[in-house]
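The values are calculated or read from the model by the stated rules, or taken from the named source; none is laboratory data. Everything quoted here is computed from the prediction, not taken from an experiment. Backbone-built Cβ (ideal geometry, glycine too); neighbour counts: all protein chains shown. Areas reflect the complete protein model, heavy atoms only, side chains present, ligands, DNA and RNA absent. Shrake-Rupley method; radii C 1.70, N 1.55, O 1.52, S 1.80 Å.
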Amino acid sequence: MTSYLQKLDAAAPADRWKMARGFLFEEPLPFFSELRENRPVFAMDEVTLVTRFSDCNLILRRPLTFGVDLYKPKQGSYFMAQDDTAQHWREKSIMKSILDVEDLPKIRDFVRDTADEALDGANGSIELVRNVTRGVPVRLVQDWFGFTRSDPEKLIDWSYWNQQDAFWNQPFDSVVEGLDQAGIIENRKRAGVMMGIYIGRLVLRRSAAVKLGSRRDDPVSRLLRLSFSDGVDFNLRDVIFNVGGLLIGAVETTSHGVCNALRHLTSDPALLKDARDAALGGRPEDFDGFVFEALRFNPAFPYFFRVCHRDTELSGGTPQAATVRKGTTALAVTHSAMFDPSAFPEPEKFDPTRDFSDTYTFGHGMHTCLGRHIAGVMVPEIVRQILRRGDLDFGNGPDYKGSAVPQEWNLSYAA
């Protein structure tokens, strides 16, 4: 049988990345196993795939050597498009402080009640993506984050196009058949303008309320009080940018994570039964491991991309050591890293009791997901509420409709 590497080596250089990308998404685990063992640093014209746990960790923990240069054309001066800068350090610290971890039990209750409301109101048949996997986080953005007087359809649209352009419309994605890269950019620009107008008006209204003594307690109001205090360099422009970041990061990634977890849990009847049993009994936290382990098997993001700033040896001290050259786009294939037996004992075993500290569900290093604590309760709680229904029929699974992320998923269940 011809191996993956033999097929890639036999292909024309211009065809290798397209072929490798197909393996990465369609036959990931056997492909990654072969790469980790034989060529853990696999260079092609467009990208270099990096597949071992230690090397992925190195890439994601060295922002001065492996930077987020490719974020900049998409996200402008937003702090997440920077590496180890003063602005990044300051603004991420501010955003962490206003997203209180102490709120997590209340957030989980809100997510539970909102998901229940959507499912109970659908009388046994629902389109999951709009109504639950996007619908619940967009309600959190409106009711919990403080996006008052907002249209949920517009909020979903703005999050979707910003996520599509930033993470699924990079130069190396040009090999994806049918991908309208220019169209995605135009939609992201349109969404950015409309989002900016809405947030600008929101900030003006809330600024007046805060100055008049409003004690409304949500992230938007907290940011404005901090800005008005002059205690830190954080002006209204910074408030607007970071309020936009709350929306962009909350809706689409949550939806994708929920769908991917469900896809894996529903792929095996025995696994689905175990997950449903856990969802129906015990503490909610006892169920969470099923979702985090499902996302190890089927992550929303199989890799994180960085640009190499200086020649760097990876897999050093091993026969497979290789140098990534300055200017190279490196894909830290974290899906592969989460199946590296050097870091995950019995990686092929589904184990919901694992310590998930070293998984990459929420990224790693300087660019770890800002909202990881909120997502860490929201994603499993949405999945839990779905699985608590009886007579579940997930049909043909999610329909991507030509997108990189699920767009529609019809579910029927006992009303």
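Structure above, values below:
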{"item": "Qualifying residue in the range 295-310 (condition: at positive phi, more than 14 Å from the chain's Cα centre (by Cα) and not aromatic (Phe, Trp, Tyr))", "result": "no"}
{"item": "The range 20-47, residues that are out of contact with any Phe, Trp or Tyr (no Cβ under 9 Å at 6 or more places or on another chain) and either within 14 Å of residue 302 (Cα to Cα) or open to solvent by 40 Å² or more (accessible area, probe 1.4 Å) (or both)", "result": "22, 25, 26, 37, 38, 39, 43"}
{"item": "Residue that is most open to solvent (accessible area, probe 1.4 Å) [pool: residues in the range 221-245 that are part of a helix (DSSP H, G or I) and among the polar types (S, T, N, Q)]", "result": "229"}
{"item": "Among the candidates 128, 70, residue that is more than 16 Å from residue 219 (Cβ to Cβ) and open to solvent by less than 30 Å² (accessible area, probe 1.4 Å)", "result": "128"}
{"item": "Tally of residues being within 17 Å of residue 74 (Cβ to Cβ), free of Cβ contacts under 8 Å to residues at least 12 places away in the same chain and part of a helix (DSSP H, G or I) across the range 175-203", "result": "5"}
{"item": "Candidate set: the range 75-102, residues that are open to solvent by 30 Å² or more (accessible area, probe 1.4 Å) and among the acidic types (Asp, Glu); chosen: the one farthest from residue 411 (Cα to Cα)", "result": "84"}
{"item": "Residues of the range 116-137 satisfying the condition of being closer than 20 Å to residue 374 by Cβ and either modelled with pLDDT under 95 or charged (D, E, K, R) (or both)", "result": "116, 117, 134"}
{"item": "Single condition residue 381 does not satisfy, out of (1) within 16 Å of the chain's Cα centre (by Cα); (2) closer than 18 Å to residue 292 by Cβ", "result": "(1)"}
{"item": "1 or more residues in contact (Cβ under 8 Å) with a residue 60 or more places away in the chain and under 27 Å from residue 185 (Cα atoms): qualifying helices (runs of 4 or more DSSP H) within the range 1-98", "result": "13-26, 53-61, 72-75, 86-98"}
{"item": "Qualifying residue in the range 30-43 (condition: farther than 23 Å from residue 325 by Cβ and among the polar types (S, T, N, Q))", "result": "yes"}
{"item": "Count - residues of the range 332-368 that are part of a loop (DSSP other than H, G, I, E, B), of a type in the set (Gly, Ala, Ser) and open to solvent by 20 Å² or more (accessible area, probe 1.4 Å)", "result": "2"}
{"item": "Residue match in the range 257-271 (condition: in contact with a strand residue (DSSP E or B) (Cβ under 8 Å, 6 or more places away or on another chain), open to solvent by less than 20 Å² (accessible area, probe 1.4 Å), in a helix (DSSP H, G or I) and closer than 27 Å to residue 133 by Cβ)", "result": "no"}
{"item": "Hits in the range 158-203 - residues which are in contact with a helix residue (DSSP H, G or I) (Cβ under 7 Å, 6 or more places away or on another chain) and β-branched (Val, Ile, Thr)", "result": "175, 184, 185, 199, 203"}
{"item": "Candidate set from the range 131-166 (those that are among the hydroxyl-bearing types (Ser, Thr, Tyr) and open to solvent by less than 10 Å² (accessible area, probe 1.4 Å)); member that is nearest to residue 78 (Cα to Cα)", "result": "159"}
{"item": "Odd one out for residue 206, checked against (1) open to solvent by 50 Å² or more (accessible area, probe 1.4 Å); (2) assigned to a helix (DSSP H, G or I); (3) touching a helix residue (DSSP H, G or I) at 6+ places or on another chain (Cβ under 8 Å); (4) among the charged types (D, E, K, R)", "result": "(1)"}
{"item": "Residue match in the range 339-361 (condition: in contact with a Phe, Trp or Tyr (Cβ under 7 Å, 6 or more places away or on another chain), of a type outside the set (Lys, Arg) and without any contact (Cβ under 8 Å) to a residue 60 or more places away in the chain)", "result": "yes"}
{"item": "Test: residue in the range 20-41 that is β-branched (Val, Ile, Thr), under 17 Å from residue 367 (Cβ atoms) and at pLDDT 95 or above", "result": "no"}
{"item": "Filtered residues of the range 293-324 (kept if under 17 Å from residue 66 (Cα atoms), part of a loop (DSSP other than H, G, I, E, B) and either without any contact (Cβ under 8 Å) to a residue 40 or more places away in the chain or open to solvent by 40 Å² or more (accessible area, probe 1.4 Å) (or both))", "result": "309, 310, 311, 316"}
